[in-house]
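One structure follows; several queries about it will come next.
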Amino acid sequence: MLSRTAGLEIALPGGDVTEGVVRVGDTVRRTMGRSAPAVHALLRHLESVGFEGAPRVLGVDEQGREMLSYLPGETAVRPLPAYAVRDDVLGELAGLVRRFHDAVGTFRAPVGAVWVGGSSDDEGPELVGHCDITPENVIFRDGRPWGLIDFDMARPTTRLFDIATTVRHWAPIADPMDRDPRQRCLDVGGRLRLFCDAYGLGAKERRRLLDVSRLRFGRSYAAMKARADSEGGGWARMWEDGAGDRIRRAAAWLDANWDELAFCLR
Ligand SMILES: Nc1ncnc2c1ncn2[C@@H]1O[C@H](COP(=O)(O)OP(=O)(O)O)[C@@H](O)[C@H]1O
Ligand SMILES: [Mg+2]
């Protein structure tokens, strides 16, 4: 086994925000933000309840970086591979999100836990959601969703808000001009229904999914702009690269297709 404290550093592609994520042997090293203690408590909880699809916390290395277990597999970087837009894969992803929510449901955050800011639902929080389940943050094995990584955006929220974030990227709820080529002709309404069915989402929450998505667009626009202004770095790069315009176009596309999508979710 390779040493956890020394060895060859291999750059890991696919991230937008954290600078210099590297693999060293069977570990990943990442710069820690202010929410790291809370995220580590969350990851330790997932380990204690036997949820396998998340990295384990292994400590802090000599450079002050967090050490997490490396999850073998691949993330679906853009342009997306064919498996990442398949309906059966979306159903399996919904199952993974459901298992994660059930596992995290018994987590009690440490007193004074600091999470990153960010938008949330109007309903009171019911669990700590991942809040960033993008194709780049899902580990696939043999084309099947296996685990979740990059819990930097985790925060108290509702199941439905975490689902809205997930389907924004995976259904996807996006203007066709901003979608990955393989996502352009997908039946988004059918895929929303499929995700909700596979997750086992109740009728009441299902009817709120589009409202929460609309709410989320408005709030993420404001939250991303604030982070780009205050933190710069990867957030500013994403903003300059048109992230705000993409959110606005997605919100307009949602409004324009609202009735058809709502019909699919009845
Ligand atoms: N624990 C892990 N196991 C396997 N791959 C990982 C792990 N953590 C990060 N990676 C890889 O590194 C990339 C960037 O890491 P990530 O934690 O998502 O950083 P960012 O905050 O920049 O998005 C991921 O998309 C993935 O390919
Ligand atoms: Mg990431």
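The values are calculated or read from the model by the stated rules, or taken from the named source; none is laboratory data. These numbers come from a predicted model, not from an experiment. With ideal geometry, Cβ positions are generated from the backbone for all residues, glycine too; neighbour counts draw on all protein chains shown. Heads up: the accessible areas ignore ligands, DNA and RNA and are worked out on the full protein's heavy atoms, side chains in. Shrake-Rupley method; radii C 1.70, N 1.55, O 1.52, S 1.80 Å.
Pull up segment 94-107, narrow it to residues that are in contact (Cβ under 8 Å) with a residue 60 or more places away in the chain and assigned to a loop (DSSP other than H, G, I, E, B), then point me to the one that is least open to solvent (accessible area, probe 1.4 Å). Break it down stepwise before answering.
If we filter segment 94-107 for residues that are in contact (Cβ under 8 Å) with a residue 60 or more places away in the chain, which is where we start, we get 94-95, 97-98, 101, 104, 106-107.
The next check asks that each one be assigned to a loop (DSSP other than H, G, I, E, B); those that pass are 106-107.
Details: Thr106: 91, Phe107: 20 Å².
Checking each candidate, the answer is Phe107.
Please work out if Arg56 is out of contact with any Lys or Arg (no Cβ under 6 Å at 6 or more places or on another chain) and assigned by TED's automatic domain parsing to the domain that holds Asp16.
yes
Next question, about the same structure. Hey, can you tell me all the residues within segment 52-93 that are within 16 Å of ligand 1 (Cβ to nearest atom), open to solvent by 40 Å² or more (accessible area, probe 1.4 Å) and more than 30 Å from Gln183 (Cα to Cα)?
Result: Arg56, Leu58, Val60.
Just name the residue that is nearest to Val39 (Cα to Cα) out of those in segment 59-93 that are touching a residue at least 24 places away in the same chain (Cβ under 8 Å), in a helix (DSSP H, G or I) and not aliphatic (A, V, I, L, M).
Once the filter is applied, the top-ranked residue is Glu92.
Inside segment 15-43, can you point out the residues that are in contact (Cβ under 8 Å) with a residue 24 or more places away in the chain, within 15 Å of ligand 2 (Cβ to nearest atom), open to solvent by 30 Å² or more (accessible area, probe 1.4 Å) and over 18 Å from Arg227 (Cβ atoms)?
Correct list: Arg23 only.
Next up: For segment 146-165, what are the residues that are within 20 Å of Ser35 (Cα to Cα), more than 9 Å from ligand 1 (Cβ to nearest atom) and among the aliphatic types (A, V, I, L, M)?
Leu148, Ala154
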